[in-house]
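The structure appears right after this line, and notes come after that.
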Amino acid sequence: MNRWCRFLRLSFVDQWLLVKAMFLLGAITLGLKLLSFQTLRRLVTSEVRPRTGLPEQDRPAAERIAWAVRVAGRYVPATTCLSQALTVQRLIKSHGYPARLYIGVAKNETGQLEAHAWVESQDKIIIGGLQDLAHYTPLPPLEGEKA
């Protein structure tokens, strides 16, 4: 089945969520290349007001938002765990869920530093969960993030 048929079979809420995820992920991915991380993060996290007036049954679950970002990540070039995490953080906050961005570091087998980003909401990893996530040491909370 081609992609358009699968897209058209989705509910309107999922279609809209996927379109928003695609555009926001593209903008954030580009922003990571053009702006400093601090500037981009400030833009992503500024003025995130939860949407009101959306019926509860039409409010996408945080996991569904992460699904949309993961799918969008297959089609937006050069996405990373960081761009996906920032996108999820923005989208789930805009739907009224709490979200905390984590960036962790670890040394790989050759001793080189690796980094990984993930988002937690209500004590659950929403995006960026890895089997060896415990291998990463989370950096201190970023300015404006609650510990």
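Computed from the coordinates by the stated procedures, all read-outs in this text should not be read as laboratory data. What you see is a predicted model, and the numbers here were worked out from it, not measured in a lab. No Cβ is skipped: glycine too gets one built from the backbone with ideal geometry, and neighbour counts run over all protein chains shown.
With respect to the chain, whose longest principal axis is taken over its alpha-carbon atoms, helix 81-94 is tilted by about 50°. Relative intensity of segment 3-138 on a log10 scale, I(q)/I(0) at q = 0.10, 0.17, 0.20 Å⁻¹, equals -0.34, -0.94, -1.24, per a Debye sum over C-alpha point scatterers of equal strength in the absence of solvent.
The alpha carbon centroids of segment 1-32 and segment 75-108 are separated by 16 Å. Just checking the listed ones, Leu34, Leu91, Leu82: in the Gaussian network model of the chain with Cα springs under 10 Å, the one fluctuating most is Leu34.
A crude spin-label estimate for the pair Leu30 and Arg9, with each label 7 Å from Cα along the Cβ direction, gives 3.2 nm. Exposed loop sites here mean trypsin sites (Lys or Arg not before Pro) with a DSSP loop assignment and at most 11 other beta-carbon atoms within 10 Å; the chain contains its longest site-free run at 75-145. To the nearest 10 degrees, how steeply does helix 62-73 sit against the main Cα axis of the chain, on a 0 to 90 scale? It is inclined by approximately 80 degrees. Panel order for His135, His95, by other beta carbons found within 10 Å of each beta carbon, from fewest to most: His135, His95.
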